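What follows is calculated from the coordinates using simple rules that are stated; it is not laboratory data. Bear in mind the structure is a predicted one, so any value in this text is a computation, not a measurement. Here Cβ is always computed from backbone atoms with ideal geometry, including for glycine, and neighbour counts include all displayed protein chains.
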């Protein structure tokens, strides 16, 4: 199911982690799609806030959260190319990234081959109904390569804006929301398991490789939500109303994956 997005805005929920910057504080910037906004779970404690709280305890400084992920109120879905364009063209976003001590990137669900707006595999003429037999490995590989190209460019922009300053860069991995999805027709189908699992595995591999190459690391939410095999349903972690966005248990899982990566280079 496509993740709806809207124009970016600083998070203004007024959570305790959102404190003014100072010499004794750090800035955590979040970039990505609506997974990172938690608009569909308004009472949730979001994973950026949970990460910031852990950082405050470990580093003994205040952590300001600047959530620039796009909200779930616009029918146009955010792909990695949209986040890249945002960083390149929106001065307020680029300035926030330049001043960030930590950057968390959450984007990819809408870049999965079977979930892209431009339907590269030709399987979604009646989206969200998908002709799963048409989601071939070759189509997935091509879509993943395009995602990796734009993700590399996005991480390169972050590096350029940070200008060599120590930065805690983290990418949260995608997960498979198709298995057990009772909201979107055809998604909870035996025919969907192999192509969706393959697509998610390929993207996770691309995300983690890109993170390492750009001096960061990937927070492996995939194997928390979908199990060690990657073939379990993630639905217990997701909002039952849309079978895609994170419920509180999913927020906690993302925070767990991020915290497990440690705080380097902010804390060795």
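In whole Å and largest first, what semi-axes does the C-alpha gyration tensor of region 154-268 yield when each eigenvalue is scaled by 5 and square-rooted?
Details: eigenvalues 175, 45, 27 Å².
Rounded to whole Å, the semi-axes are 30, 15, 12.
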What is the Cα centroid distance between region 69-105 and region 216-268, reported in whole angstrom?
21 Å
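What value in Å³ per residue do you get for the convex hull of the alpha-carbon atoms in region 65-137? The partial results should precede the final answer.
Numbers: hull volume 8.5 nm³, N = 73.
Value for region 65-137: 117 Å³ per residue.
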Correct choice for Kirkwood radius over Cα pairs in Å that was computed from the model, options [x] 20.1; [y] 21.0; [z] 18.4
[z]
Plugging the Kirkwood radius over Cα pairs into Stokes-Einstein for region 57-212, at a temperature of 4 °C and a viscosity of 1.567 mPa s, what D comes out in µm²/s?
77 µm²/s
May I have the extent of the alpha carbons of region 98-161 along their three principal axes, as whole Å values ordered from largest to smallest?
45, 21, 14
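How large is the Kirkwood hydrodynamic radius of region 163-203, counting all unique pairs of alpha carbons, in Å? Intermediate values should be presented prior to the final figure.
Details: mean 1/r = 0.0811 Å⁻¹.
Over region 163-203, the inverse of the mean reciprocal pair distance is 12.3 Å.
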So if each residue of separation counts as 0.36 nm, and I subtract the Cα-Cα distance between residue 129 and residue 59, what length gain in nm does that give?
20.5 nm
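For residue 43 and residue 260, what does the FRET efficiency come to when R0 = 41 Å and r is the distance between their Cβ atoms, rounded to the nearest 0.05?
On the way: r = 25 Å, r/R0 = 0.61.
Given R0 = 41 Å and the Cβ-Cβ separation, E is 0.95.
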With label points set 7 Å from each Cα along the Cα-to-Cβ direction at residue 205 and residue 267, the distance between them in nm comes to 3.5 nm
Mean separation of Cα contacts under 8 Å (6+ apart) over length of the chain, as relative contact order %
21 percent
Helix-derived [θ] at 222 nm for the chain: sum -39500 (n - 2.57) over DSSP H runs of at least 4, divide by residue count, nearest 500?
-12000 deg cm²/dmol
How long are the semi-axes of the ellipsoid equivalent to region 127-208, from square roots of 5 times the Cα gyration tensor eigenvalues, in whole Å, largest first?
32, 14, 10
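Antiparallel versus total DSSP beta bridges in region 25-260: what percent is that, nearest 5? Mind dumping the intermediate values first?
Values: 1 of 19 bridges.
Beta bridges within region 25-260, antiparallel portion: roughly 5 percent.
For region 167-268, what's the relative contact order in percent, using C-alpha pairs closer than 8 Å and at least 6 residues apart? It would help to have the intermediate numbers written out before the result.
Details: 154 pairs, mean separation 36.1, N = 102.
Once divided by the residue count of region 167-268, the mean separation gives 35 percent.
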